[in-house]
Amino acid sequence: MNKDEIKDRVRAALARALKKNPDAIADNASQMELSEWDSVRHMNVVLALENDFGIEFEDAELPTLTSLPLLVAAIEKHTAS
């Protein structure tokens, strides 16, 4: 799976969790820019991504997963062979 495919899947998960159109989520979208991305929805995003990619984020990672690029980078790390 390449970076663009991961980004598309992360954007779709963010869109579902934040109840937004995926097209409204920019490539550099962050928790600071998206008012809907609160602490509860953050956990929804994390759980959705863990289920979608078959991974488990470390507890220490959770507070750092605050933007689309950071989520993509973390998933790339977890799915690297």
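The values are calculated or read from the model by the stated rules, or taken from the named source; none is laboratory data. Given the structure is predicted, the values throughout are model-derived calculations rather than measurements. Cβ sites come from the backbone with ideal geometry, for glycine too, and all protein chains shown count toward neighbours. Ligands, DNA and RNA are stripped out before the accessible areas are found, and what is left, the full protein with its side chains, is counted by its heavy atoms. Shrake-Rupley method; radii C 1.70, N 1.55, O 1.52, S 1.80 Å.
Multiplying the residue separation of LEU70 and MET1 by 0.36 nm and removing their Cα-Cα distance gives an extension gain of 23.1 nm. For the stretch 18-69, the solvent-accessible area with a 1.4 angstrom probe is 61 square angstrom per residue. Using θ = phi - 60° in the Karplus curve 6.51 cos²θ - 1.76 cosθ + 1.60, the 3J(HN,Hα) couplings for the stretch 26-33 round to 5, 4, 10, 4, 9, 4, 5, 8 Hz; x is entered for Gly and Pro.
What do you get for Rg/Rh over the chain if you use C-alpha atoms and the Kirkwood form of Rh?
Rg divided by Rh gives 0.92.
What does the helix-only formula give at 222 nm for the chain: each DSSP H stretch with n ≥ 4 adding -39500 (n - 2.57), the total divided by the residues, and the result rounded to the nearest 500 deg cm²/dmol? Helices in the chain give a 222 nm mean residue ellipticity of -17000 deg cm²/dmol.
Distance between the modelled labels on MET32 and ASP52, one decimal in nanometres: 2.4 nm (7 Å Cα→Cβ projection). Per-atom-type breakdown for the chain gives carbon and sulfur 50% of the accessible area (1.4 Å probe, protein chains only). When the trypsin sites (Lys or Arg not before Pro) in the stretch 14-81 are filtered for DSSP coil states and for at most 12 other beta-carbon atoms within 10 Å of their beta-carbon, the remaining sites are LYS19.
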